[in-house]
Structures are given as structure tokens and as C-alpha cells.
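Just so it is clear, none of the values below were taken in a lab; they were calculated from the coordinates. Please read all numbers here as calculations on a predicted model, not as lab measurements.
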Amino acid sequence: MKNLNITINFDMDGTIADLYGVENWLDYLIAEDTTPYAVATPLLRLSALARRLNTLQRNGYNLAVISWLSKSGSPEYNERVTAVKMAWLAKHLPSVHWDRITIVPYGTPKENFCFSPADILFDDEERNRNNWTGRAYDVQNIMEILREI
């Protein structure tokens with residue numbers, strides 16, 4: 001296996017996890033309830049995603065998650081959200097061995113985690129894609145793009 005030094009990064013909420021599809025998700029977050037993070041359904045067929053990611057990793061790509069915490073959560077809530085997000089990944093993508101999982105305060109520039117112009121980001125937020133200094137894609141064609149890599 002060759003080390004390509006290219007990382008494929010995924011946002012979670014709105015990219016692979018349907019946080020915004022959870023009824024009253026914002027009310028839960030304001031109340032510092034982690035339920036929406038725990039019950040969010042996958043936004044794509046994760047078994048197919050896992051197979052593709054494992055193949056890419058065997059071929060030398062690094063795999064990472066860069067996800068924001070709630071906009072106004074307390075430190076204790078942020079710790080609980082981090083644990084729930086980690087559990088969501090373990091439950092829904094158990095065969096994927098992430099090289100890095102970064103869960104950071106809301107608004108942290110994700111481009112801070114772009115270490116190569118060849119690094120890839122999948123994110124539903126346009127600002128994150130525009131500021132990314134590598135290759136950035138929205139969530140519309142994740143599997144098609146991964147098949148082309």
C-alpha cells in the first residue's frame with residue numbers, strides 16, 4: 001500500500017447523518033438534548049459507502065471526519081454530543097477505521113484541517129466548501145465522486 005497523503009474528509013450533520021430531518025431538531029439542541037444526533041438516519045447507503053471507503057483506504061487514502069458541535073452548547077453538552085457522534089459513527093460505519101475524527105466547536109474553519117491541495121471534503125455547507133483549500137464537494141453525488149477516485 002502506498003501512502004498518498006491524501007485525506008478524504010466527511011462532515012456529519014447534513015452530509016452523512018440526517019440531523020436536520022429529525023423532527024424538532026433545533027428545539028432539542030437548544031434544550032441541550034443529544035437525541036437528534038443519536039437518532040439521525042443515514043443520508044446514503046452506508047454499507048456501500050463503507051465498502052468504497054475501505055477500498056480507498058487499502059489503496060493509500062486517509063479517511064477523516066470533521067464535524068461541528070452545536071452552535072451554543074455548554075462544555076458538558078459538547079462532551080455528550082461528541083460521545084453521541086462517535087457512537088453514531090461506530091454504529092453506522094463499524095467497518096471503517098477512521099484515520100482522524102475531529103469534532104470541533106461550531107464555526108471552526110474546516111480548512112484548518114486541509115493539509116494538502118489534494119485533500120477532499122464532502123460537506124453540505126457551502127461556506128466550508130468555498131473555504132476549503134483542497135477539493136470540496138457537496139453531498140449530491142458522494143458515491144459517484146468516490147467511485148471516480
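Points worth noting:
- The chain, relative contact order [Cα under 8 Å, separation at least 6], %: 29
- Each stretch of four or more DSSP H residues adds -39500 (n - 2.57); spread over every residue of the chain, this sum gives -10500 deg cm²/dmol at 222 nm.
- For the range 78-149: rounded, prolate or oblate by the Cα gyration tensor [a/c cutoff 1.5]: oblate
- Look at where the Cα atoms of the range 49-110 and of the range 127-149 average out, and the two centres are 16 Å apart.
- One chain, two ends: residue 99 and residue 51. Fully extended at 0.36 nm per residue, the span grows by 15.7 nm beyond their Cα-Cα distance.
- Angle between the chain longest axis and helix 46-58 axis [Cα atoms, degrees, rounded to 10]: 40
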